[in-house]
Amino acid sequence: MINIKLVLPPLPYAYNTLEPVISQKIMELHHDKHQMAYVNGANAALEKLEKIRKGEVEGSVRETMRDLSFNYNGAKLHEQFWQMMRAPQENNGPDEKVTTLLNENFGSYEAFKKEFTAAAVGVEGSGWAVLWKNKDGQLLVGQLEKHNLLGLNDFEPVLILDVWEHAYYLDYLNNRADYVEKWWQVVNWDYVGHLLG
Ligand code: MN
């Protein structure tokens, strides 16, 4: 039988680590409530699919698979997102290797930052900005709507930014652009560099 069960890993740092860019209150709700709900939602969908498979319940395969995609990706994106941030006082910017890769793909670091910022600010409704990398090391900036729409199949995320209202509303109200601008202060460039390989 298919036996996949998600867990909620602890936040990899203290809840107040990202202050003043992202408040402790947002991090508590975001990790303990929102990410938890995605973990639970993914597990519920997996269990339901198992029951449908065994003929124990009647259920909509389409709806359950849709629930799984939304919640599974929600859970995993948040795991990745936490790793990609660090305390603002520890942010030392992209190193030479990362800068070179960004220059090669986007022309300059500033051009990359402008495109990623535009992607983040421009997400329609709830979603993410993403820096994608494929197996050849080529980079693209893109968006995810919700957690699971608009992905690029053989690309993996190396830098992501949550622009759901739950990620910033308590601190920035409706000023998503202000949140996105401040967020650059907490990017963990060492981790991004590690993912860029
Ligand atoms: Mn979120």
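The values are calculated or read from the model by the stated rules, or taken from the named source; none is laboratory data. All values reported here derive from a predicted model rather than from experimental measurement. Don't worry about glycine lacking a Cβ; one is built from the backbone with ideal geometry, like all the others, and counts go over all protein chains shown. When the accessible area is computed, the model is the full protein with side chains, heavy atoms only, and any ligands, DNA or RNA have been set aside. Shrake-Rupley method; radii C 1.70, N 1.55, O 1.52, S 1.80 Å.
Helix 96-106 versus the longest principal axis of the chain: what angle, 0 to 90°, nearest 10, using Cα atoms?
The answer is roughly 80 degrees.
Of the listed pairs Lys5/Lys54; Lys33/Lys146; Lys33/Lys114; Lys5/Lys133; Lys76/Lys135; Lys76/Lys114, which have alpha-carbon separations greater than 23 Å here?
Those over the limit are Lys33/Lys114; Lys5/Lys133; Lys76/Lys114.
Please pull out the direction-averaged projected area of segment 1-157, using the convex hull of its alpha-carbon atoms, in nm² to one decimal place.
11.1
Return one number: the angle in degrees, 0 to 90 and rounded to the nearest 10, between the long axis of the Cα atoms of helix 61-83 and the longest principal axis of the Cα atoms of the chain.
Orientation of helix 61-83: about 30 degrees from the principal axis.
Under 8 Å for C-alpha pairs, at least 6 residues apart: give me the relative contact order for the chain, rounded to a whole percent.
After rounding, I find 24 percent.
Per residue, how much accessible surface does segment 107-150 expose to a 1.4 Å probe? Answer in Å², no decimals.
48
Cα gyration tensor of segment 64-195, axes a ≥ b ≥ c as square roots of the eigenvalues: rounded (a/c below 1.5), prolate (a/b > b/c) or oblate?
Taking the square roots of the gyration eigenvalues as a ≥ b ≥ c, segment 64-195 is oblate.
Where q = 0.13, 0.14, 0.15 Å⁻¹, what log10 of I(q)/I(0) comes from the Debye formula for segment 72-144, counting one point per Cα?
Here log10 of I(q) over I(0) equals -0.45, -0.53, -0.61.
What residue among Tyr72, Met36, Gly59 has its Cα farthest toward the positive end of the dipole of segment 24-88, where the charges are +1 on Lys, Arg and -1 on Asp, Glu, each on the Cβ?
Tyr72
R0 = 30 Å: FRET efficiency of Arg66 with Ala118, Cβ-based, nearest 0.05?
Calculated transfer efficiency: 0.55.
At 1.4 Å probe size, with the rest of the protein present, what percent of the exposed accessible area of segment 48-116 is carbon and sulfur atoms?
Carbon plus sulfur share of accessible area: 45 percent.
Across 10 Å bins from 0, what is the distribution of all Cα-Cα pair distances for segment 119-185, in whole percents?
With 10 Å bins starting at 0, P(r) equals 22, 50, 24, 4.
Kindly express, to the nearest 10 degrees and within the range 0 to 90, the angle between helix 36-54's C-alpha long axis and the longest C-alpha principal axis of the chain.
So the helix axis and the longest Cα principal axis differ by about 40 degrees.
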